[in-house]
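Reviewing the structure listed below.
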Amino acid sequence: MTQTKIITHWINGALDTGKTERTSEVFNPATGQVSANVALANVATVDKAVTAASDAFVSWRHSSLTKRTQVLFAFRELVLQNKEKIAALITAEHGKVLSDAAGEVTRGLEVVEFACGIPHLLKGGFSEEVSTGVDVYSIRQPLGPVAIISPFNFPAMVPMWFFPIAIACGNTVVLKPSEKDPSAAMLLAELWKEAGLPDGVFNVVHGDKESVDALLTHPGIKSVSFVGSTPIAKYVYETGTKHGKRVQALGGAKNHMVVLPDSDLELAADAAINAGFGSAGERCMAISAIVAVEPIANALVAKIKSRMADIKTGDGTKGSDMGPLVTKVHRDKVASYIEAGERAGATLVEDGRKVKVDGDGFFLGPTLFDNVTPDMSIYKEEIFGPVLSILRANTYDEALSLVNSHPYGNGTAIFTNDGGAARRFQNEVEVGMVGINVPIPVPMAYFSFGGWKNSLFGDTHAHGTEGVHFFTRGKVVTSRWLDPSHGGINLGFPQNS
Ligand code: NAD
């Protein structure tokens, strides 16, 4: 009998050899088979990783900016060279199609490239002669060991929103990736070592609530960057801040796409397909509610429905358009929302439960509901699957009010050919990331990523200059150096009388 592989932690530049008390199964969602068991860290293992990060911080914080950028550039090259390998690991554990997995690595790489500019980003300010002989200047210094806790849906990109900048700023890292797809993080750890990052600067512990709690309460951890569902984000924010840590906790989403009557309906229908069903809807920026402003709803529904027939659901390594959901439990939960939508009276235009794929994979086809109303659970709650809901509004104001009344505020999009309408929307909508004729407006690495309301707890978004700000603390120095004529070393200056 072959033994199932055990994925263990990465601590101080090596695989952890400590005893594993608890493990969790990792599946290939396309086959439904267990591919590995991942070790779940206990308090002692988390402490070992934080100790390694604390020890490494002593010298890493003093590494020159030149040294840091050299390591970052080397890491960038290695990730680029290994892009397909990382993508294959992601597809094997998450299920998303290979092209999508490679796209996720590209978006993560953009943050590494941004972090390569750290010497410029860390420059402080200087004011000369604020008083006679007095200068004031500001510097930004690293925090220490920082924790990153990430979700299953972007096992490479989401950790990469944070760790390149954290490390570039002189911090050391303990990453706790999702236990559902832990392998991408392990390869990234190996690539850091190959790039010349000193041992202990980047550590990976796998685990569940026990390891998260150990990080949130560990006195050695100075900040927590969390991404996941809203209830856990809120818990992480409250617990982390109670223990004196700086916390940014990004939560769930329910992203609306408003389609105005003057929009290009072909463009809007293409966008709905890509943003609704890409990665099987398991994206925090996926569109899950479309608000069609009349009189175009019937036409839009027909165009989306006809495109759905072309979506091939299947194994992400075999040329499909949409892969499986991450676990059987999650697949069944998403399917239960389809039942709930039907029970609540929404019109089921396409039923993903009818899609059959050979084998035991966790598949569910693309699903479309029309005539969805705000009281229905399929609208109120985050489904995180390939289920798109159409709501009908009579006016722009009605559509805007729907978006603004929703407790989530991660991303949104408006489709229109009226620049004035788009401009009003960008100003009036209470959402952190807005697309104009762009359905998934994920900010580039040099801007910052983050939602409003229940989609983010804390006030700092991810990456961009906000990322640099999060991973450093400011210090302002007020200095008075007396003129050499006041004594000290005799450099030939005339003495003051
Ligand atoms: P999740 O909240 O279940 O898990 C996220 C992390 O928290 C994982 O590392 C997990 O191990 C840990 N965790 C789970 N339960 C915990 C508990 N009880 N106590 C402490 N830690 C716990 O989220 P997920 O299912 O992995 O990811 C999907 C969710 O993430 C969706 O809600 C999605 O919208 C959200 N997400 C948000 C963003 C964003 O930028 N806002 C980005 C990606 C994903």
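Filtered by the rule that a residue be of a type in the set (Ser, Thr, Tyr), closer than 28 Å to Trp161 by Cα and touching a helix residue (DSSP H, G or I) at 6+ places or on another chain (Cβ under 6 Å), the stretch 401-452 gives Thr412, Tyr446, Ser448. Checked against the criterion of being open to solvent by less than 50 Å² (accessible area, probe 1.4 Å), touching a helix residue (DSSP H, G or I) at 6+ places or on another chain (Cβ under 6 Å) and modelled with pLDDT of 95 or more, the stretch 474-497 contains not a single residue that satisfies it. Scan (1) away from the ligand (no atom under 16 Å from the Cβ); (2) over 29 Å from Trp161 (Cβ atoms) for the single condition Ser377 breaks and write down its number. Result: Ser377 fails condition (1) only. Pairs meeting the criteria (first residue in the stretch 347-361 and free of Cβ contacts under 8 Å to residues at least 40 places away in the same chain, second residue open to solvent by 60 Å² or more (accessible area, probe 1.4 Å) and in a loop (DSSP other than H, G, I, E, B), beta carbons under 7 Å, at least 6 apart or on different chains) are Thr347/Asn371. Of all the criteria given as (1) open to solvent by less than 30 Å² (accessible area, probe 1.4 Å); (2) within 30 Å of Pro261 (Cα to Cα), the one not satisfied by Val334 is (2). Within the stretch 399-432, the residues that satisfy the criterion of being under 20 Å from Asp270 (Cβ atoms) and surrounded by fewer than 17 Cβ atoms within 10 Å (Cβ to Cβ) are Asn417, Asp418.
Listed conditions (1) of a type in the set (Ser, Thr, Tyr); (2) surrounded by fewer than 23 Cβ atoms within 10 Å (Cβ to Cβ); (3) in contact (Cβ under 8 Å) with a residue 60 or more places away in the chain; (4) within 16 Å of the ligand (Cβ to nearest atom) are all met by Tyr396, apart from (4). Looking at Gln33, Gln81 in this structure, which one is among the polar types (S, T, N, Q) and without any contact (Cβ under 8 Å) to a residue 12 or more places away in the chain? That would be Gln81, the only listed residue that is among the polar types (S, T, N, Q) and without any contact (Cβ under 8 Å) to a residue 12 or more places away in the chain. For the stretch 326-349, residues that are within 14 Å of the ligand (Cβ to nearest atom) and hydroxyl-bearing (Ser, Thr, Tyr) total 2. The condition (being open to solvent by 50 Å² or more (accessible area, probe 1.4 Å), β-branched (Val, Ile, Thr) and out of contact with any strand residue (DSSP E or B) (no Cβ under 7 Å at 6 or more places or on another chain)) is satisfied by just one residue among Val79, Val34, Val58: Val58.
Conditions (1) open to solvent by 10 Å² or more (accessible area, probe 1.4 Å); (2) within 30 Å of Asp181 (Cβ to Cβ); (3) not hydroxyl-bearing (Ser, Thr, Tyr), marked per residue:
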residue: Lys96; (1), (2), (3): no, yes, yes
residue: Ala101; (1), (2), (3): no, yes, yes
residue: Glu104; (1), (2), (3): no, yes, yes
residue: Gly108; (1), (2), (3): no, yes, yes
residue: Glu113; (1), (2), (3): yes, yes, yes
residue: Cys116; (1), (2), (3): yes, yes, yes
residue: Gly124; (1), (2), (3): yes, no, yes
residue: Val130; (1), (2), (3): yes, no, yes
residue: Gly133; (1), (2), (3): yes, no, yes
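Each residue in the stretch 189-207 was checked for being assigned to a strand (DSSP E or B) and either more than 16 Å from the ligand (Cβ to nearest atom) or not assigned by TED's automatic domain parsing to the domain that holds Asn42 (or both), and 1 pass.
Counting only helices (runs of 4 or more DSSP H) that fall entirely inside the stretch 208-302 and contain at least 1 residues that are away from the ligand (no atom under 16 Å from the Cβ) and touching a residue at least 24 places away in the same chain (Cβ under 8 Å), the qualifying elements are 265-277.
Every condition in (1) open to solvent by 10 Å² or more (accessible area, probe 1.4 Å); (2) within 16 Å of the ligand (Cβ to nearest atom); (3) among the hydrophobic types (A, V, I, L, M, F, W, C); (4) out of contact with any helix residue (DSSP H, G or I) (no Cβ under 7 Å at 6 or more places or on another chain) holds for Leu143 except the one numbered (2).
Reported count of residues in the stretch 153-188, each being within 16 Å of Val111 (Cα to Cα), hydrophobic (A, V, I, L, M, F, W, C) and away from the ligand (no atom under 15 Å from the Cβ), is 6.
Every residue, every condition in (1) closer than 19 Å to Ala101 by Cβ; (2) modelled with pLDDT of 95 or more; (3) β-branched (Val, Ile, Thr), yes or no:
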{"residue": "Ala297", "(1), (2), (3)": "no, yes, no"}
{"residue": "Lys303", "(1), (2), (3)": "no, yes, no"}
{"residue": "Pro324", "(1), (2), (3)": "yes, yes, no"}
{"residue": "Lys328", "(1), (2), (3)": "no, yes, no"}
{"residue": "Tyr337", "(1), (2), (3)": "no, yes, no"}
{"residue": "Ala344", "(1), (2), (3)": "no, yes, no"}
{"residue": "Val372", "(1), (2), (3)": "no, yes, yes"}
{"residue": "Tyr379", "(1), (2), (3)": "no, yes, no"}
{"residue": "Glu382", "(1), (2), (3)": "no, yes, no"}
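When the residues of the stretch 459-469 are filtered to those that are at pLDDT 95 or above and over 15 Å from the mean Cα position of the chain (by Cα), which remaining residue is nearest to Pro164 (Cα to Cα)?
In this case the residue turns out to be Val468.
The values are calculated or read from the model by the stated rules, or taken from the named source; none is laboratory data. Note that this is a predicted model, so its numbers are computed, not measured. Neighbour counts run over all protein chains shown; Cβ positions are idealised from the backbone, glycine included. Side chains are part of the model used for accessible areas, which takes the heavy atoms of the whole protein and leaves out ligands, DNA and RNA. Shrake-Rupley method; radii C 1.70, N 1.55, O 1.52, S 1.80 Å.
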